[in-house]
Each structure stands twice: as structure tokens, then as C-alpha cells.
Amino acid sequence: MKINVQSIKFDADAKLLEFTEKKLSKLDKFFDPIISVDVKFSLLSDNENKNVRVNVSVPGNSVVVERNANSFETAINECADILKEKLTRLKEKRND
């Protein structure tokens, strides 16, 4: 599984990239044939000014989750939790 990270209008530091890799690399436990994971970090102008968009490509499908939070780490955690549920449901549908 390949994880591509893009930070828009800023440079993501190594700690953020490492955290992202660690959290999202666990997704293949929930749905094995993940092709790639695309992550976009961006800054917004409101209170919860950190935006994370995660697009998981699986054969014949794509699962997208987007979250805003006060920190990128919080947004990544929320996205990972939601993706675990969505990928588990997708796996169950395919096994039916």
C-alpha cells in the first residue's frame, strides 16, 4: 500500500508525516487490497483551521473522508477511525 501525502500552502514536518504513515498504514488490516492512500493537508481560515482529506483507493472503489480540527493529528485520528469502519463495511459487503 502506497501512502501519498500532499501539504497545500505549507511544508509538513517529519513528525506529522511519520504520524500519518503510522496511523494510515494500519488500514490494510481492515481491507487488504488497498491500492493507495492519498492524504491532503491544508490550512483554513476559521477556528478549526486544519483540514485533512484522505482518499483510499481500493479495486473498483474509492473511499473519501475529510475532517477539520484544531490539529492535523486530531484530524488524522478521526479520519483513520472513520476509514476503519467504512473499510470494514466494504469488506463485509464484498464477502456476502
Discussion item. Here are the criteria: (1) among the aliphatic types (A, V, I, L, M); (2) open to solvent by less than 80 Å² (accessible area, probe 1.4 Å); (3) out of contact with any Pro (no Cβ under 7 Å at 6 or more places or on another chain). Tell me which single one Val58 does not satisfy.
Written reply: (3)
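Provide a single number: the residues in the range 62-72 that are in a strand (DSSP E or B) and either in contact (Cβ under 8 Å) with a residue 40 or more places away in the chain or among the β-branched types (Val, Ile, Thr) (or both).
3
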Practice prompt. Report, ordered by the first and then the second residue, all pairs with beta carbons closer than 6 Å, sequence separation of six or more or different chains, a first member in the range 45-61 that is closer than 25 Å to Phe10 by Cα, and a second member that is among the charged types (D, E, K, R).
Written response: Val52/Arg67; Arg53/Lys40; Arg53/Glu66; Asn55/Asp38
Discussion item. So in the range 22-45, with the set limited to residues that are among the basic types (Lys, Arg) and assigned to a helix (DSSP H, G or I), which one is least open to solvent (accessible area, probe 1.4 Å)?
Written reply: Lys23
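The values are calculated or read from the model by the stated rules, or taken from the named source; none is laboratory data. For clarity, every value in this text was computed on a predicted model and none was experimentally measured. Backbone-built Cβ (ideal geometry, glycine too); neighbour counts: all protein chains shown. Just so you know, the surface numbers come from the protein's heavy atoms only, side chains and all, with ligands and any DNA or RNA stripped out. Shrake-Rupley method; radii C 1.70, N 1.55, O 1.52, S 1.80 Å.
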